[in-house]
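I have placed the structure first, in the form of structure tokens, so that the comments after it can refer back to it.
The values are calculated or read from the model by the stated rules, or taken from the named source; none is laboratory data. If you're wondering where the values come from, they're calculated on a predicted model, not measured in any experiment. Every residue, glycine among them, receives a Cβ derived from its backbone with ideal geometry; neighbour counts consider all protein chains shown.
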Amino acid sequence: MSNNLFKKYDIIVIGGGHAGCEAAMVAANLNSKVLMITMNMNTIGQMSCNPAMGGVAKGQIVREIDALGGYSGIIADKSTIQFRMLNLSKGAAMWSPRTQNDRMRFAEEWRLQLETNGNIDFWQETVKQFIIERNNVIGVKTGLGIEIYADAVILAAGTFMNGTIHIGEKSFSGGRMGDRASMGITEQLSSLGFVAGKMKTGTPPRIDGRTLNYKLMEEQKGDKVAEQFSFLENVKTDLKQKSCFITYTNKSVHQELLKGIDKSPMFCGRIKGFGPRYCPSIEDKITRFADKERHQIFVEPEGEQTVEIYVNGFSSSLPEDVQYKSLIKIPGFENAKMFRSGYAIEYDFFQPTQLKNTLETKILENLYFAGQINGTTGYEEAACQGLMAGINAHLKINKKAPFILKRSEAYIGVLIDDLINKGTDEPYRMFTSRAEFRILLRQDNADIRLTEKGYNLGLASKNRLDNVRIKIEETNKIISILKKKKFSSEINSILKEKQTSIIKEKQSAYKLLKRPELKIEDILNCDLDLKTSFKEYNQDSLTQAYIQIKYENYIEKEKELAQKTIKFEELSIPSNFVYTKVKGLSTEGREKLNDIKPPTIGSASRISGISASDISILLLYLGR
Amino acid sequence: MLPKLELNTIVALASAQGSGAISLIRLSGKDSIEIINKIFKGKDLTKQKPNTIHFGFIKEENEVIDEVLVSIFKAPNSFTKENSVEITCHGSSYIIQKIIELLIKQGARLAAPGEFTKRAFINGRFDLTQAEAIADLIASDTQISHNIAMNNLRGGISKKINEFRNQLINFASLLELELDFSEEDVEFADRNQLINIINELTKEIKTILDGFKLGNAVKKGVPVVIVGKPNVGKSTLLNVLLNEERAIVSDIPGTTRDFIEDQINIEGINFRFVDTAGIRKAKDKIEAIGIDRTFEKMKKASLILYLLDLENGNAQNINLEQITNLNIPYIIIGNKLDKANVDNIKYFNKNKDSLLISAYKNQNIDKLKKLMIKKLGINQNYESHTIISNARHYDIFIKINQSLNEVLSNLKQNITSELIVSDIRIALNYLGEITGEITTDDLLDNIFSKFCIGK
């Protein structure tokens, strides 16, 4: 059915979650005409699981999105009710920003942000199928039968495709509790040769905060001096800051849970999808780690005003009464009332090895996949895929070169490279250990790494670029001053106090700073003139200089390693290379290579099941 | 696109260079059989079954070059998994050259060194370390070097490396846990325990590194130097060691054979005598060259035989420090036991690194041979150990050792875990360069299987 309702768009984005919002926003900012189709305009930017952004490795991703000119960081900052920098006792590469967010405010900020952009239109409906012409996606057909055309389509359907919700022995169709599932897309794509699978995730019950006894729990406050995600100045929230609380399960909680375990949809095999090992349900924890006497529970506020509480660590798909009976055995929960029960959701995903590094599908041109449908989990992981899909869809339809981030440049690069080369059998979450260059990929230098790229794309503002340039310039100045500044015995009292060996000959502040025991403040306190003269620099530059000095050796080592691997990254394999003719490859290697068709030797080497031997043979065939 | 790897037919002499009674020329590649058929007079070889031998002649136009036996192998049942032909011809260098020339004229290409093994590797016959082991196997000319190569061929090195890899992955997982899951309720690794693990690992790696010297010695032969004053009997000892019966010793310089290098095989180990020409040639010259030159020689050796004259010398005067400082195994040998001075014998009885012999009377030579083996620290159970004899592996183990030492010093200084892991990853990368690969998934899999993680 043709329509008078819609003109042809540049890009259609299906879905209004974290991936969909970033994709629509970035494409529109690049000046593409965008239509966002969502099943419910009221749930744009919804935090379906816990009301928090960032955390270890994820916080780095949010900073990267922000540095490139995306919005997740700004939205999170505007809705923050608690900020903490995690892992401060570790080295700088591990420092990870995390916020607790007002769930309703977060969604509202996203909606308002999207509405400020005149290039974005909205349409509330479900998409049933794609309109395809000679392996090109040229539009979508909606549930009402409307055909809408576009040069590219980004699918960001999250957990909605054939979503099934499970609570105990009950199960029903749904994309999230309270929302319908979407049907038709998986079936169409499967018939065209796409490989779809099932994944599973879960969420804990929500509780009435007025019924909790916080005196029996341990308070966890936000940082005294709260930072923010965005590199832009003062994206501060006006919301009142709140605490989280920690409590623990115990034997009697576990006993109650065990009573209902036979009704768990996981254990009796009704759920076939794979759940994440690092985000297990409480019933999973007590059975897999039966010897552990207690499990930690984080009691997290859902917003500034609301009394609703998120029980982090108690994800469950047991029957609601079993959830309730075990919850009230938790210290502080004796009188708890439940608002909503926890549940598990099973949904369709497409093995991401079917994607190019631009997130465009290999089978259909101009179709991009972003977010949870690629087998990932987490708002941050979804958002950065949306950003990259949005950028690349825009670049492609404007016949420009794709925008790819390397593993040594960003966690975003690691994530996409992992997905397209390795695929995933469980919801993929980012960890710092996935990044081989993690000392380089820090939250403090995301702007130095990426803002110029964002600026060149036309995303990051001139203001952002200027700020980064000042930061780099100041950092270099500070480092050279510290190299010249020599200390002699006057610093020994501090050295003694910090339990590090005293100096007998003059030593530069630069060299002293490399000692693990010393912080930049310790050095500055020994020379008040220096301290005063440093006041003209931004605190951010001072921290940057400190980090670069302290970790110089390791930064250099990783840069060297990155340089080494680039050789392989640049060695491309022709896309029509016939692996089946290469006899020396292992059987597994041949199959995987044939399925994935890696663009370079570098990506081939990261495919699981590919041995060093396979790579040597490929190198020989490529004449190396 | 078809893989464009050029796999045309290659040819090379498979037996040793030089003349023997017979020689073997090998062809490998798709057209091997067609190519040999064009210069072969006898049956039509293209119509013969695989694994058969055929008698006939190699001809150039109408001239017969040689009478030969041709063996036919068909893919994939050959060493290279390709069609192959082996030509057994007479061992004249003219014939060999001529046949190879004819084969090249018919479309074969002269093989590069190691190319047959490379073909076998490309065609999936074995993995990288096994390919390297084949090269060692071909080069091995003693029982022990053969055993080491065979052990590695069966995956010996890969097995050891996997053990190291698993230990390092376990270790790194404990640290990663602190990094990625610091917010979780998990117990973190005990630093002292970590230090112990790394200490154990570096000890093992040191054994492997030390073993390289042996492995290399086994592969290439152990360089031995005989030193001592003029007329102490160096030449006599050398000859008696090399071959008691064959030895010709005369007082006239230049009558001894003029070898570049002499070798003997004792219990499967090749000993190479360094600079024997110097010993054999002009005796008074040695006197003139002086002590510096002798030290240069000693530094190159893996075993020093220090010869003293029991008859005319004075054992009290010897200065052992110069030798012990070199840190190379040595044996003090008192020669001319048959004419010995009693004081000298007394001195020797006190020194446990010494042995009394008479080279001239062939006395205690067997004891000396046993002592030479013992001095090398060669473990007779070499088969149960992983011995590396490949210089590439050795270099990599050196680098791994450096990374682990870095880890150790960082652990002691209480440096934060991500930096410690960084060095472990470097070590793991190096291991991956020898065989297999490391993916970060291994770390995560290990964490998830052992710890209760996740909110």
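Things worth noting here:
- Odd one out for A:Gln548, checked against (1) of a type outside the set (Phe, Trp, Tyr); (2) more than 10 Å from chain B (Cβ to nearest Cβ); (3) over 27 Å from the mean Cα position of the chain (by Cα): (3)
- Residue selected from the range A:245-254 under the condition of a type outside the set (A, V, I, L, M, F, W, C) and within 14 Å of chain B (Cβ to nearest Cβ), by the criterion farthest from A:Ile330 (Cα to Cα): A:His254
- Flag not set for A:Leu524, criterion: in contact with a helix residue (DSSP H, G or I) (Cβ under 9 Å, 6 or more places away or on another chain), under 17 Å from B:Ile415 (Cα atoms) and not acidic (Asp, Glu).
- Taking first residues from the range A:142-165 that are of a type in the set (Lys, Arg) and partners that are at pLDDT 95 or above and crowded, with 19+ Cβ neighbours inside 10 Å, no Cβ contact under 6 Å between residues at least 6 apart in sequence or on separate chains turns up.
- When A:Ser613, A:Ser575 are screened for being within 7 Å of chain B (Cβ to nearest Cβ) and out of contact with any Phe, Trp or Tyr (no Cβ under 7 Å at 6 or more places or on another chain), only A:Ser613 passes.
- Scope the range B:34-54; condition touching a strand residue (DSSP E or B) at 6+ places or on another chain (Cβ under 7 Å) and more than 16 Å from B:Glu101 (Cα to Cα); matching residues: B:Lys41, B:Gly42, B:Lys43, B:Leu45, B:Gln48, B:Pro50, B:Asn51, B:Thr52, B:Ile53, B:His54
- Matching entry among B:Leu408, B:Leu419 (being modelled with pLDDT of 85 or more, at the interface with another protein chain (Cβ under 7 Å from one of its Cβ atoms), within 24 Å of A:Ser89 (Cβ to Cβ) and not in a loop (DSSP other than H, G, I, E, B)): B:Leu419
- The helices (runs of 4 or more DSSP H) found wholly in the range A:455-517 and carrying at least 3 residues that are within 30 Å of A:Asn392 (Cβ to Cβ) occupy A:462-484.
- Residue list for the range A:383-417, filter: touching a residue at least 24 places away in the same chain (Cβ under 8 Å) and within 13 Å of the chain's Cα centre (by Cα): A:Ala383, A:Cys384, A:Gln385, A:Gly386, A:Leu387, A:Met388, A:Ala410, A:Tyr411, A:Ile412, A:Val414, A:Leu415, A:Ile416
- Any hit, the range A:314-328, residues being in contact (Cβ under 8 Å) with a residue 12 or more places away in the chain, polar (S, T, N, Q), within 14 Å of chain B (Cβ to nearest Cβ) and buried (at least 23 other Cβ atoms within 10 Å of the Cβ): yes
- The requirement of being out of contact with any Gly (no Cβ under 7 Å at 6 or more places or on another chain) and either within 24 Å of A:Gly269 (Cα to Cα) or among the charged types (D, E, K, R) (or both) is satisfied by A:Tyr324.
- Summed over the range A:54-97, the residues that are closer than 29 Å to A:Ala28 by Cα and more than 14 Å from every other protein chain (Cβ to nearest Cβ) give a count of 19.
- Scanning the range A:255-294 for residues that are surrounded by fewer than 17 Cβ atoms within 10 Å (Cβ to Cβ) and either of a type in the set (Gly, Ala, Ser) or more than 10 Å from every other protein chain (Cβ to nearest Cβ) (or both) yields a count of 12.
- Looking only at the range A:185-244, residues that are aliphatic (A, V, I, L, M), within 18 Å of A:Phe314 (Cα to Cα) and assigned to a loop (DSSP other than H, G, I, E, B) come to 2 in all.
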